[in-house]
1. Against the conditions (1) in a helix (DSSP H, G or I); (2) surrounded by fewer than 16 Cβ atoms within 10 Å (Cβ to Cβ), where does PRO54 fall short? Just the number, please.
2. Checking ILE245 against (1) hydrophobic (A, V, I, L, M, F, W, C); (2) at pLDDT below 85; (3) outside any loop (DSSP other than H, G, I, E, B), which single condition isn't satisfied?
3. Name every residue in the stretch 229-241 that is assigned to a helix (DSSP H, G or I), of a type in the set (Phe, Trp, Tyr) and loosely packed, with under 15 Cβ neighbours inside 10 Å, in order of residue number.
4. Restricting attention to the stretch 193-221, and to residues there that are touching a helix residue (DSSP H, G or I) at 6+ places or on another chain (Cβ under 7 Å) and not in a helix (DSSP H, G or I), which single residue is farthest from HIS97 (Cα to Cα)?
5. When you look at TYR251, is it hydroxyl-bearing (Ser, Thr, Tyr) and either surrounded by fewer than 16 Cβ atoms within 10 Å (Cβ to Cβ) or at pLDDT below 90 (or both), yes or no?
6. Search the stretch 19-38 for residues that are charged (D, E, K, R) and pair each with any residue that is surrounded by 15 or more Cβ atoms within 10 Å (Cβ to Cβ) and not in a helix (DSSP H, G or I) when their beta-carbon atoms are under 9 Å apart and the residues are at least 6 apart or on different chains.
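The values are calculated or read from the model by the stated rules, or taken from the named source; none is laboratory data. For clarity, every value in this text was computed on a predicted model and none was experimentally measured. Positions of Cβ are backbone-derived with ideal geometry, glycine not excepted, and every protein chain shown enters the neighbour counts.
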Amino acid sequence: MKTECTEICIKTSLKEAYSCLWHFKWKHILISYIAFLPFTLAGLFGFLDAFFLPRSPLELVPEGYNLSFGLFIATTYLWAVPCFILWHRLYLLGPEHLLRRKIWPILTRSFTMIFKVLFLIGTLLLLAIILTMILAFIIGIFTSNEGLSDFLDLTKSEFARYIIIISVTGFFAYLVFLRFSLAISARAIGKPMGLITSWRLTKKNTGRMFCSFIAIFIPASITAYMFIYFYQIIFSLDLFYSGDILSKATYLHIFITAPIITLPLASMCSQCASFYRHCGGEECTQY
């Protein structure tokens, strides 16, 4: 049983992650369409109209809004969890283990994953609140000193303060997520690993994991953004917010572009799968 961490090579990790994305590109397309299918069907049948209905903050919510909002959450954020598991199964186990006749194991792992993610989100929020209070206190002291540089004087703007606080807390939250990523990957393929074990296995690789993750996630995000940007210009669309209820054609266009929209998520799963292998996750069976 492996409990000690192994130093990863950024170049090897990136090469493996990009290779997985390219080698399993057709399976990625399949998973992306599975990911967007419930949302597209709910939109085409008009179940999401009440949620997307334009209204001012002072107006009462329209009839059926709560049901529409619940369907939106179920078909996006909650449905993303089993799809997240499918991407991990693809990159860690191979396409032959991607889909099985028995769907129950994937559903039970999805519930387990949801609880772990909620715990992780709660931890990150607590960390963000603590850091926000500390930074707000420090910035408040700094801005009261008239002898500071012009750079610190910028923090007298409320907007600049929020940018600094969000950037710093987001950075630390991001690092915490990377340290726990091995446990999430393990649960996705049905192997036991606790968050503490994941933290131990990654203790010497935080900087390497961060650099490697950035080197694949940012290019994937830029590629997706640029593709969607020019796609909207070509077809004269606003796929995500037009100020009106989304039309049926818009839902179809969103479904068509699903493989590109989900590219950052797939790249994240591919990189986390690489971390899992290189940090010794496959050799670890401890809770």
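1. (1)
2. All conditions are met except number (3).
3. So the first thing to find is which residues in the stretch 229-241 are assigned to a helix (DSSP H, G or I), and the list is 229-235.
Right, trim to of a type in the set (Phe, Trp, Tyr) and you get 229-231, 235.
Within the stretch 229-241, TYR229, PHE230, PHE235 qualify.
4. Per the stated criteria, the residue is THR202.
5. Details: hydroxyl-bearing (Ser, Thr, Tyr): yes; either surrounded by fewer than 16 Cβ atoms within 10 Å (Cβ to Cβ) or at pLDDT below 90 (or both): no.
No; evaluated as a whole, the condition is false for this residue.
6. LYS27/LEU98
Okay, residues lined up against (1) of a type outside the set (A, V, I, L, M, F, W, C); (2) surrounded by fewer than 15 Cβ atoms within 10 Å (Cβ to Cβ); (3) over 15 Å from HIS278 (Cβ atoms); (4) in contact with a His (Cβ under 6 Å, 6 or more places away or on another chain):
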position: GLY194; (1), (2), (3), (4): yes, no, yes, no
position: ASN205; (1), (2), (3), (4): yes, no, no, no
position: ARG208; (1), (2), (3), (4): yes, no, no, no
position: PHE213; (1), (2), (3), (4): no, no, no, no
position: ILE216; (1), (2), (3), (4): no, no, no, no
position: PHE227; (1), (2), (3), (4): no, no, yes, no
